[in-house]
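Below is one structure; the comments refer to it alone.
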Amino acid sequence: QQVFFAGDLNYRIELPRERTEHTIRQIERLKQQQTNQVTTHPEELEEQIVNLFQELLKFDQLHRVMYAAGSNKDVSNAFPGFREGKINFLPTFKFDKRSKEYDTSHKQRIPSWTDRILYKSRYDRGSSDGSDNGCSSGIISVLDYRSIPDAVHSDHRPVIGTYRIDF
């Protein structure tokens, strides 16, 4: 028995907008360098990108309640036993419609990963704290997990995943 739960879960990044956007711009700049092969040390560039994503994910509400709850009895454990693929895509919310710009309205909402795909297997052989980075739970393996940044029809960017289920 496997369960996939996908949708706008509405969890946010708990950082000031300026800091979040600054980190996003840094990631975009480094990814552009990576694409243009501007560096002689691509592994260092990848490490910097991973570190910046980790910096944002430390303040992601869903990660906090899914993975940190086991060590903090004051935090409610949301989605017990569920996992998520490794996030290596930019926040999927809140964009101006028909644009690639984050919210420029008077509300100035903080970019966040509100759109997610979680999964769980009854026969899970992975660690219970999500420390396997969500890439494999033994039965379910994440082959691809990403957003579609060019889908600008909404204030969200859709998220897609490809999974292998071993029986």
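Read-outs throughout are calculated quantities, based only on the coordinates presented, and are distinct from any laboratory measurement. Not measured: the values here are computed from a predicted model.
Among beta bridges from DSSP that stay inside the chain, the antiparallel ones total about 100%.
Close lysine pairs were tallied over the chain: pairs 8 or more places apart or on different chains with Cα atoms under 23 Å apart number 14. Report summary: the helix-based calculation at 222 nm, which adds -39500 (n - 2.57) for every DSSP H run with n ≥ 4 and divides by the residues of the chain, gives -8500 deg cm²/dmol.
In Å³ and rounded to a whole number, note down the convex hull volume per residue for the Cα atoms of the chain. Write down the numbers at each step before the final one.
On the way: hull volume 21.7 nm³, N = 167.
It comes to 130 Å³ per residue, whole-number rounded.
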